[in-house]
């Protein structure tokens, strides 16, 4: 096997441990435990994440955060320093993290990282919808960068313009959009998100998307034109991605996802690649305080001049909320890339998240990962401890 493939897997494994920090604030799939099976009720993006609408902000105060014997104040944009007109949505997110990471036999490395510093703007005017974000990062996020340098980057994760039909049940939009696939969650380094390249951190793509909901169903289909914040053009992936989810009740949802793209030169593998992913998802809350999230994806890599890789990525997460706003989260995941000479990689997460004030939450993660690479490197154990503080505006 070429050395560049061995090096790639080692780099991906170590990078995943270094960057195990969720970077988005508003993508909590466990809200299905509170009876919210869909996302458009609270978000401007019909598939979830990003800006909250007025109802979403009310729920952030009433359902998301802890209460201390009285009703909390509303979650106003920028702490209520000004009042937006009805058609304008504003927001922002600042996330900082301190992590300790140990890979193989190396000593623990410590680093403080500014993970996110974004401002967001949205328009909800009649049938027209629009959204955009702009932020600064000191440590990269180059796929989302509009101006990049070694010291800092100006990043625009998403920006789009849309038009609604059917009493707001259908949204057609174009721009740089979160790729519709799988469970939309803040843990962007999960194997199911990395292997399918469908996180909400920096893997957005330019294209046209059609989202629809009704009768217990919701879904979105996107024609992908590529990431025009990357160059040259050969790096850009083109194809489609989409999902359909059915909710037989407000506490249960099952879905299917599919994605096929082609790039003349894969940005990591440096060869032509026909990439595909097809999967199943489950979100279920047997009781209000306990939510299970599951996803299983087939991931295929059709590299030019190489044997086809047929892989499987899985994730199962349990979220227990004994007291409103306080979450104990356990996650298990696995990934077999299908590359000859590699076994299945796996990891276990133990996390605690506390939404203790209207605009503040704190999270602790411990992750133990066993990452498989081809010989002679073999299996690499990685341990990560991460503490992060998040302020959303």
Would you please classify the overall shape of region 55-149 from the alpha carbon gyration tensor, given that a ≥ b ≥ c denote the square roots of the eigenvalues, rounded means a/c under 1.5, and beyond that prolate means a/b larger than b/c while oblate covers the rest?
oblate
Which of (i) 20.2, 65; (ii) 24.9, 78; (iii) 21.1, 73 is the computed Rg and Dmax of the Cα atoms in Å for the structure on display?
(i)
Under the classification rounded if a/c is under 1.5, otherwise prolate if a/b is larger than b/c and oblate if not, where does region 134-195 fall, given a ≥ b ≥ c as square roots of the Cα gyration tensor eigenvalues?
oblate
Using per-residue counts of other Cβ atoms within 10 Å, averaged over each peptide, order 330-340, 159-169 from highest down.
330-340, 159-169
Check: C-alpha center region 136-166 vs C-alpha center region 34-68, spacing in Å is 23 Å
Span from the region 72-108 Cα centroid across to the region 179-215 one, whole angstrom
20 Å
So the FRET efficiency between residue 328 and residue 233, C-beta based with R0 = 41 Å and rounded to 0.05, is 0.35
For region 176-283, just say rounded, prolate or oblate: build the C-alpha gyration tensor, square-root its eigenvalues into a ≥ b ≥ c, call rounded for a/c under 1.5, and beyond that prolate if a/b exceeds b/c, oblate if not.
prolate
Give me the distance in nm between label points sitting 7 Å out from Cα along the Cα-to-Cβ direction at residue 316 and residue 223, one decimal.
4.0 nm
Among 227-234, 41-48, how do they line up by average Cβ neighbours within 10 Å per residue, starting with the highest?
41-48, 227-234
Quick check: the angle from helix 3-18's long axis to the longest principal axis of the chain, C-alpha only, nearest 10 degrees?
30 degrees
How would you order 303-313, 359-369 from highest to lowest mean count of nearby Cβ atoms within 10 Å?
359-369, 303-313
Mean separation of Cα contacts under 8 Å (at least 6 apart) over the residue count of region 243-282, i.e. the relative contact order in percent, is 39 percent
Extent along principal axes [Cα atoms of region 287-393; Å; largest to smallest]
54, 28, 26
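None of the figures in this text is laboratory data; all of them are computed from the coordinates on show. The structure presented is a predicted model; accordingly, all values stated were derived computationally and were not measured. Backbone-built Cβ (ideal geometry, glycine too); neighbour counts: all protein chains shown.
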